[in-house]
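The values are calculated or read from the model by the stated rules, or taken from the named source; none is laboratory data. Please read these numbers as outputs of a predicted model, since none were measured by experiment. In this analysis, Cβ positions are derived from the backbone assuming ideal geometry, glycine residues included, and neighbour counts consider all displayed protein chains.
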Amino acid sequence: MADEKQPPFAEPVVVPIEDSIDLHAFAPEDIPGVVEEYLDQCRRAGLYAVRLIHGRGKGIQRRIVRSILEKHSWVGSFKDAPPESGGWGVTVVELKRI
């Protein structure tokens, strides 16, 4: 069936863990899982201050991200980035130390 959507890769793609992730590449329905996994991997890597780049747009991804952060037990705090670092298009997250 040629019309069925095939995954772009046969195996999971391993992305290096850095102190920021750009969420533009992900579909809105994938954002919760991506953010959860990213926060988990950041803690494992010893990163406790991270940036989630969701963009400004209409604020849909920002609302999705913040609803996840509000409930996440590892999140100590979060806020908009300073204007020179993305402003309300980026959420800066402080994770609780292990």
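Worth a mention:
- Residues in the stretch 57-87 that are on the phi > 0 side of the Ramachandran plot and outside any loop (DSSP other than H, G, I, E, B): G87 only.
- Against the numbered list (1) at pLDDT 90 or above; (2) surrounded by 10 or more Cβ atoms within 10 Å (Cβ to Cβ), V15 comes up short only at (1).
- Within the stretch 35-75, tally of residues that are free of Cβ contacts under 8 Å to residues at least 24 places away in the same chain and buried (at least 16 other Cβ atoms within 10 Å of the Cβ): 1
- Of the listed requirements (1) over 11 Å from the mean Cα position of the chain (by Cα); (2) under 21 Å from P16 (Cβ atoms), S73 misses just one: (2).
- Answer residue from the stretch 77-86, given it is exposed (fewer than 14 other Cβ atoms within 10 Å of the Cβ) and touching a strand residue (DSSP E or B) at 6+ places or on another chain (Cβ under 7 Å) and is farthest from R56 (Cα to Cα) among those: S77
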